[in-house]
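The values are calculated or read from the model by the stated rules, or taken from the named source; none is laboratory data. Remember, predicted model here, so these are calculated numbers, not experimental data. With ideal geometry, Cβ positions are generated from the backbone for all residues, glycine too; neighbour counts draw on all protein chains shown.
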Amino acid sequence: MTRGRITVRTAEASQAPKLHALISANLEEGHLLPRTLSELVVHAERFVIAVRGKKIVGCAELAPLSSHVAEVRSLAVDGGERGRGVGTQLVDELRRRARGEGFEKLCAFTHTPGYFVPHLWLPEKIFTDCLKCPLFRRCGQYAMVVPLDHLRVGDDRRRPLESMVDGGRLATVARYA
């Protein structure tokens, strides 16, 4: 059986309920922080979605934290699509867009940083979102920052955000707990 091709494109406000369902499913697994439907309606155009056929199988938001830093937010992939490169396609597209919009750094937050060593706070994130979050200082997330000026244009479509760390030379990680 052919599963069909994944198409990555910008979300529309009318798709906010589907984004909310996908994010909520990942929230229940403990992978994401909560988002409201009204928030998703307002920010839908900042989301990229991965679509297979007519079904949204993944989403992620490019959220500006400052004029220099953007965040990969609410990266969620349908459970049946995990391990097939959907998340990588979404992050690659957000990296391309962040660079095109003039951001210098792209950050992502995760509960599972792997071998990263926390050593930096990201003030743009703290003052934009963390201070008003009910999980502030308790969320257990780690921040990874990738300077976009280290990326060559040809690299943007081939290397996922996670692979940019390269022993810590190109990324900085912080723990938000």
Per the filter on the stretch 6-22, residues assigned to a helix (DSSP H, G or I) and in contact (Cβ under 8 Å) with a residue 40 or more places away in the chain are Gln15, Leu19, Leu22
Give the stretch 92-109 a look and list any residue that's buried (at least 22 other Cβ atoms within 10 Å of the Cβ) and closer than 25 Å to Arg5 by Cα, or say none.
Leu94, Arg95, Ala98
Name the strands (runs of 3 or more DSSP E) wholly within the stretch 40-87 that hold at least 2 residues that are surrounded by 15 or more Cβ atoms within 10 Å (Cβ to Cβ), under 16 Å from the mean Cα position of the chain (by Cα) and of a type in the set (Gly, Ala, Ser)?
55-64, 69-77
Does Leu27 satisfy being within 15 Å of Gly79 (Cα to Cα), modelled with pLDDT under 95 and either buried (at least 18 other Cβ atoms within 10 Å of the Cβ) or of a type in the set (Gly, Ala, Ser) (or both)?
no
For the stretch 37-57, give me each residue that is touching a residue at least 40 places away in the same chain (Cβ under 8 Å) and touching a helix residue (DSSP H, G or I) at 6+ places or on another chain (Cβ under 6 Å).
Val48, Ala50, Ile56, Val57
